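Please treat every number below as a calculation from the coordinates, not as lab data. Keep in mind that what you see is a predicted model, and the values were worked out from it rather than measured. For neighbour counting, all protein chains shown are included, and Cβ atoms are generated from backbone atoms with ideal geometry for every residue, glycine included.
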Amino acid sequence: MSYEAKLMQMKKLVKKKIPKTTEIETERKHIIPPSPPYEEQWLSEGLVKEENEYGTVYKRVINYDLHYEHGNYQLAGLLHTVERWKEAKEIHPLSPNFDRPLVFFDTETTGLKGAGTLIFLMGFIEYTETSFTLTQYVLPGPDHEAAFLYATNLWKTPMSIVMYNGKSFDMPQVQTRWTMNRDALPPLLKHTEIDLLHGSKRIWKNEMATFKLTAVEEEQLGFFRDGDIPGYMAPIIYQDAVKNGRAEMLMKVLLHNEWDILSLVTLYIRSTDMLLLDTAHATSNAETNIGKWFTDLKSYGRSKEILQRIIVEYGNDEPRAHFHIAFILKREGQYAEALDSFLIAAYGLTGRERVIACEELTKLYEHRMNELHNALKWTMIAISITAKDTDISQCFKIRMGNAFNHREMRLRRKLFPGEAQ
């Protein structure tokens, strides 16, 4: 046999022996990892084993009756909250998608970022007929990650998911882990995301020093944690539970997560009350922030209603309400009323908003009231304020200073056409 013929014969043998890549991948997909050796220790602490086609996951399920209290609120208030959103028919970032189940969701992870960061705990609370059900899924280890993700049904049912910083952290983490397991899992669905961190910052801006969930719980919900673990300890406790099987401290992580999710329910109730109910207890600052939020959403009627109520109650003591309603009045062509509100804002505010109020006064006096002397007067006031105010950024100071200088020269040309500028 020639040398070439021998090579061809060997080539045929190689083809027969080496399976195709797709066959290898198919075999890998169906390899189910065994349950971890510490299973009995985890089950003894109250976790329940669940198996699916990808492996094992452990879970904890708790039912709460409608009258369960978390801080100052009963969970039953959520039913009224959903009804209020339906009645209001508002297009708002906190409004749920009524065609999807409303679920409150939080995660615990082994780190803050990076492809190596694992989600080891996912918790969901959902209203089910006559009670609220919390389901927490715990990852046994990296080799069971596909089973862990699959068990959550995030691939199965589109949901309205309420989170705290979830748009920036929780859901991107879920998407990353899903991508890492994309060859095994069904595609992750697109869910409606409602982020209460964003809502809290909009409502309580200028009122709270920090927007950590624990601070919001204490100041707005009346809930104080007793015996909670620090958040940074959660990944350390989990890794110890996986390495040594000790689940006693792991249950404290689950309690931490449970409190997080219960707070999401009551914070959603509290936030909706403030947004949609005139009788909700709120400071003038928070109400003004809410009015501004509706303005930004172009819900001008709702915004004007809120701001007018504040002005009736507080008068000139809440100049920010005058500042924001002035833009609505100007938009409606009520220039004299807008002028009055901008004057109150210019005398009562500080910083950036005061400078903007002055600018609006110069515009109204020049272009709507045809009072050029007053336009020039407020231009000069604005130049002085802009130069002296230490609460505004240098960039804003330069930009507004240049604009006011140009306006001054134009007004002087109109008022004194024969004089050299």
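For the pair Lys86 and Ile381, how long in nm is the line joining their label points, each one 7 Å along Cα→Cβ?
Going by the 7 Å Cα→Cβ label model, 5.1 nm.
Taking only complete DSSP H runs, can you tell me which helices of the chain stretch 20 Å or more along their own long axis by Cα positions and average at least -0.5 on the Kyte-Doolittle scale? Each step should come with its number before you reach the end.
Numbers: long enough: 3-17 (22 Å, -0.95); 248-276 (43 Å, 0.66); 300-314 (21 Å, -0.38); 372-388 (24 Å, 0.64); 394-415 (31 Å, -1.00).
Counting only whole DSSP H runs, the qualifying helices are 248-276, 300-314, 372-388.
Which order do Thr272, Thr117, Thr130 fall in if you start with the one that has the fewest other Cβ atoms within 10 Å?
Going from least to most buried by this count: Thr130, Thr117, Thr272.
Projecting each Cα onto the charge dipole of the chain (Lys/Arg +1, Asp/Glu -1 at the beta carbon, about the Cα centre), which of Tyr232, Tyr347, Asn402 comes out farthest on the positive side?
About the Cα centre, the residue reaching furthest to the positive side is Asn402.
Summing Lys, Arg as +1 and Asp, Glu as -1, what charge do residues with Cβ under 11 Å from the Cβ of Gly348 carry, Gly348 excluded? Display every interim value, and only then the final one.
Values: positive: Arg320, Arg354; negative: Asp317, Glu318, Glu353.
Within the 11 Å Cβ shell, the charges total -1.
For segment 272-421, rounded, prolate or oblate, judged on the Cα gyration tensor with a ≥ b ≥ c (square roots of eigenvalues), a/c < 1.5 rounded, else prolate if a/b > b/c? Walk me through the numbers on the way to the answer.
On the way: a/c = 2.76, a/b = 1.93, b/c = 1.43.
Prolate, since a/c reaches 1.5 and a/b exceeds b/c.
Out of Asn165, His92, Asn374, whose Cα points farthest toward the positive end of the dipole of the chain (charges: +1 Lys, Arg; -1 Asp, Glu; placed on Cβ)?
Toward the positive end, the furthest listed residue is Asn374.
Shape call for segment 39-276 from the C-alpha gyration tensor, a ≥ b ≥ c root eigenvalues: rounded (a/c under 1.5), prolate (a/b greater than b/c) or oblate?
Details: a/c = 1.65, a/b = 1.42, b/c = 1.16.
Judged from the Cα gyration tensor, segment 39-276 comes out prolate (a/c at least 1.5, a/b above b/c).
Can you give me the relative contact order of segment 107-211 as a percent, contacts being Cα pairs under 8 Å and 6 or more apart?
On the way: 120 pairs, mean separation 23.4, N = 105.
It rounds to 22 percent for segment 107-211.
Find the eigenvalues of the gyration tensor of the Cα atoms of the chain, then list the square roots of 5 times those eigenvalues as equivalent ellipsoid semi-axes, largest first, in whole angstrom. Mind dumping the intermediate values first?
Working: eigenvalues 652, 190, 72 Å².
Each semi-axis is the square root of five times an eigenvalue, giving 57, 31, 19 Å.
Under 19 Å from a point 7 Å along the Cα-to-Cβ line of Ser168: which residues of segment 210-229 have their amide N that close?
Only 210-217 pass the distance filter.
Residues with amide H under 5 Å of Phe120's amide H, sequence separation 5 or more or different chain, H placed in the peptide plane at 1.01 Å from N; which?
Glu108, Thr109, Thr110
How would you rank 173-185, 192-204, highest first, on the average number of other Cβ atoms within 10 Å across their residues?
On the way: 173-185: 16.3, 192-204: 20.2.
Packing proxy ranking, top to bottom: 192-204, 173-185.
For segment 284-415, what relative contact order do you get, as a whole percent, if you take Cα pairs closer than 8 Å and at least 6 residues apart? Could the numbers behind the result be given before it?
Details: 150 pairs, mean separation 19.9, N = 132.
This gives 15 percent for segment 284-415.
Convert each backbone phi in segment 96-110 into a coupling constant with the Karplus relation 6.51 cos²θ - 1.76 cosθ + 1.60 (shift: θ = phi - 60°), then list the ³J(HN,Hα) values in order as whole Hz, x for Gly and Pro.
Calculated HN-Hα couplings, in order: x, 8, 6, 8, 10, x, 8, 10, 9, 9, 8, 10, 10, 10, 7 Hz.
Tally Lys and Arg at +1 and Asp and Glu at -1 over the other residues with C-beta under 9 Å from the C-beta of Lys49: what net charge comes out? Write down the numbers at each step before the final one.
Values: positive: Lys59; negative: Glu39, Glu50, Glu51.
Charge balance near Lys49 sits at -2.
Note the full-extension length gain between Thr130 and Asn63 as 0.36 nm times their separation in residues minus their Cα-Cα distance, in nm to one decimal.
On the way: separation 67, 0.36 × 67 = 24.12 nm, distance 0.99 nm.
The Thr130-Asn63 span can extend by a further 23.1 nm.
Once you keep just the Cα pairs under 8 angstrom separated by 6 or more residues, what percentage relative contact order results for the chain? Write down the numbers at each step before the final one.
On the way: 566 pairs, mean separation 51.9, N = 421.
Relative CO of the chain lands at 12 percent.
Place the peptides 289-295, 367-373 in order of packing, highest mean first, counting for every residue the other Cβ atoms within 10 Å and averaging per peptide.
Peptide ranking by packing, descending: 289-295, 367-373.
Between segment 218-295 and segment 129-166, what's the alpha-carbon centroid distance in Å?
Spelled out, the Cα-based centre of one part sits 18 Å from the other.
Taking neighbour counts of Cβ atoms within 10 Å as a proxy for exposure, in what order, fewest first, do Trp259, Trp378, Trp42 appear? Mind dumping the intermediate values first?
Numbers: Trp259 18, Trp378 27, Trp42 23.
Ranking Trp259, Trp378, Trp42 by Cβ neighbours within 10 Å, fewest first, gives Trp259, Trp42, Trp378.
Could you sort out which of Lys201/Lys377; Lys89/Lys397; Lys190/Lys330; Lys156/Lys243; Lys292/Lys363; Lys59/Lys89 sit more than 30 Å apart by Cα distance in this structure? Numbers along the way, then the final one.
Values: Lys201/Lys377 37 Å; Lys89/Lys397 41 Å; Lys190/Lys330 40 Å; Lys156/Lys243 32 Å; Lys292/Lys363 22 Å; Lys59/Lys89 37 Å.
Listed pairs above 30 Å: Lys201/Lys377; Lys89/Lys397; Lys190/Lys330; Lys156/Lys243; Lys59/Lys89.
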